[in-house]
Structures are given as structure tokens and as C-alpha cells.
Amino acid sequence: MTIEFFKYQGTGNDFIIIDNRLDIFPKNNTKQVSQMCDRKFGIGADGLILLEQHKQADFRMVYYNSDGNLSSMCGNGGRCITHFAKSLGVFENSAVFEAADGMHKATIENKIVSLLMNDVGDVSVNNNYVFLDTGSPHHVSLVDDLSEFDVFQEGRRIRNQLYGEEGSNVNFVQKKGDSTFAVRTYERGVEDETLSCGTGVTAVALAMHAIGETSANEVNLRTPGGDLKVRFRKKENGYTDIYLIGPAVQVYKGEWE
């Protein structure tokens, strides 16, 4: 069977996206997903996303990590599938879709996608890190020299030693200004550093606000793959009206046999 796919990237976080509204993709074949995401023997991607029919919303987003396993919410993936759905004519101005962590709203203007994330209630502030869930679990640590930091080794250690088999994504952050932070992320499921992580930069923005490193309600995040913005509103118990804002780009399309 030949499967048409589209390659997308959102600030360097790259995805294989497939229109699965006719339910043609073998969703239980984790080996095939892993093969397609392989950068040496496949298409190459941080993850694979299926766009599917939904009875109430515009569409459903099904996300697989590059290891072939179903995963939690992916923010950059959510922005990319929104762009893809609009290119298919699934919606006109604004979209509502369901992902692993529930319902989301999104809009597009000049290839910039604004994605409404779910509210975050519990922000756990510890001695040298912050932990919170922005649709996926995230560990956030401030470091002094991010460009020279060993994200792979330290990220892998924290992911496994502190969070066990289920693991957590691990973000390392350096403050660059009152409302600007540089971020590098080790992602579980990919088990490596990625050029950008949408739920990760969302977690960083909220964590930096929670520990008083910024008082701004719109934070600029610099990742190795590009710049993103996170806008939010503080409420009594956590954060609401959280938007992840940045570009989504279709790179090419092809066929997988």
C-alpha cells in the first residue's frame, strides 16, 4: 500500500503528517512508524502525526514519537497539523481539534500559528528545578552557559534517574533578558535533543514566571530551531489562556510504500 505523507517543521521540530480521515493508516504498527521516522533508513522525523475525523471538532490529532509509540501532547506538532488541516480546507479561520490531552483551539495568520494550550494548575517549584505538565511532563532547570551545556548526557540522566520508566522531557534554560530565554530540550520518546519543543517552551515560560525570573505575560523563547512566543494569564491556582505562537512550514510531500 502506498501512503501519501507531508513533511512539516515548526522551528526545527519536524514531523511526518498523514491525512488519515479515511482510516487507511495501520495505527498499531509501531515498527512502521519507527521506520518512517528513522533518519537513516526512512523519511526522518521527531514524530508522526495522523489527522483524523472527529464527530464534534474539526479534526483529531494522533501523535506518535519517533520510537513508534503513541505519546502525549506535542505543541509544535499541534501547530503543524493546524497548518496542514487548513491547507486541506478542513477549516477556514479558526480550528478546534482534539489531541491526547483534550481539546485545543488554533488560528493561523501569515503562517504563524497560535495554539491554545490547556490550563496548567500545578507548578512544582523545587530547590534547583521546576516540574509541570503542559500536555506533556517537563522538568525545567536554569543553567549558566547553555551553548556549551551537555544536554544529551544530563537530559538523559535526569529523564531516567529522576522520573523512571515513564520519564519526563528535560529543558535547560538560560536567561537572556527580562522576558527572553534560550532553551534546549531533551525529549523522551525521541531520546535525544530536539531543535525545539512546543510544550517545552510553554513549560519554560510558565516556570520562569512562577519563580520570579520574569514578570511578563508574554515570553520570548529562543530554541536552536528558531523563536517562539508563549502568552498566558496568571490565575489564583496556576495559569490560563496559554498560547504557543510560532511558524509552521510544509517542507515537502511524498509517498511511502
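Just so it is clear, none of the values below were taken in a lab; they were calculated from the coordinates. The model shown is predicted, which means the values in this text are computed figures rather than measured ones. Cβ placement follows ideal geometry from the backbone for every residue including glycine, while neighbour counts extend to all protein chains displayed.
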Discussion item. Which one, Gln174, Gln153, Gln53, has the greatest fluctuation when you compute a Gaussian network model over the chain with C-alpha springs under 10 angstrom?
Written reply: Gln153
Practice prompt. Can you find, among Gly225, Ser124, Ser141, the residue farthest towards the positive end of the dipole of the stretch 123-245? Put +1 on the C-beta of Lys and Arg, -1 on that of Asp and Glu.
Written response: Ser124
Worksheet item: At what distance in angstrom do the alpha carbon centres of the stretch 18-91 and the stretch 96-170 lie from each other?
Response: 20
Worksheet entry | Contour minus Cα-Cα distance for Asp119 and Gln250 (0.36 nm per residue) | 44.3 nm
Worksheet item: With +1 on each Lys and Arg Cβ and -1 on each Asp and Glu Cβ, how big is the dipole of the stretch 123-245 about its Cα centre, in debye rounded to the nearest 20?
Response: 380
Worksheet item: Could you give me the ³J(HN,Hα) list for the stretch 109-126, computed from phi with Karplus coefficients 6.51, -1.76, 1.60 and θ = phi - 60°, whole Hz, x at Gly and Pro?
Response: 9, 6, 6, 9, 9, 9, 10, 7, 8, 6, 4, 10, x, 9, 10, 8, 9, 10
Discussion item. Name the residue from His104, Gly238, Asn28 whose Cα lies farthest towards the positive end of the charge dipole of the chain, charges +1 on Cβ of Lys and Arg and -1 on Cβ of Asp and Glu.
Written reply: His104
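Using the Cα centre as the reference, give the magnitude of the dipole from point charges on the C-beta atoms of the chain (Lys, Arg: +1; Asp, Glu: -1; all else neutral), rounded to the nearest 20 debye.
Details: 26 positive and 35 negative charges, 79 e Å.
My answer is approximately 380 debye.
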Practice prompt. Express the Stokes-Einstein translational diffusion coefficient of the chain in µm² s⁻¹, to the nearest whole number, given a Kirkwood radius over alpha-carbon pairs, 37 °C and a viscosity of 0.692 mPa s.
Written response: 180
Worksheet, complete the sentence: Per the 1/(1 + (r/R0)^6) rule, R0 = 30 Å and r from the Cβ atoms of Glu109 and Gln161, FRET efficiency to 0.05 is 0.10
Worksheet item: Hey, what do the phi angles of the stretch 46-59 turn into as Karplus ³J(HN,Hα) couplings, whole Hz, using 6.51/-1.76/1.60 and θ = phi - 60°, x for Gly and Pro?
Response: 6, x, 10, 10, 9, 9, 10, 5, 9, 5, 10, 8, 5, 6
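In whole angstrom, how long is each semi-axis of the equivalent ellipsoid of the stretch 123-245, when you take the square root of 5 times every eigenvalue of its Cα gyration tensor and sort them from largest down?
Those come to 21, 16, 13 Å.
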Worksheet, complete the sentence: Of the listed pairs Lys111/Lys229; Lys105/Lys229; Lys111/Lys235; Lys27/Lys86; Lys86/Lys253, those with alpha carbons more than 20 Å apart are Lys111/Lys235; Lys27/Lys86
Discussion item. If you take every residue apart from Gly254 with its C-beta less than 13 Å away from the C-beta of Gly254, what net charge results, scoring Lys and Arg +1 and Asp and Glu -1?
Written reply: -1
Worksheet entry | Candidates Gly77, Gly164, Gly238: whichever shows maximal mean-square fluctuation once the chain is modelled as a Gaussian network with Cα springs under 10 Å | Gly164
Worksheet item: Taking amide hydrogens as modeled 1.01 Å from N in the peptide plane, which residues meet the under 5 Å criterion relative to Met117, leaving out close sequence neighbours?
Response: Ile242, Tyr243, Leu244
Fill in: Backbone HN-Hα couplings from phi across the stretch 4-19 [Karplus 6.51/-1.76/1.60, Hz, Gly and Pro as x]
7, 10, 10, 9, 10, 9, x, 6, x, 7, 10, 9, 8, 10, 10, 6
Worksheet, complete the sentence: Residue span Phe152 to Val96: 0.36 nm per residue of separation minus Cα-Cα distance leaves a gain in nm of 16.6 nm
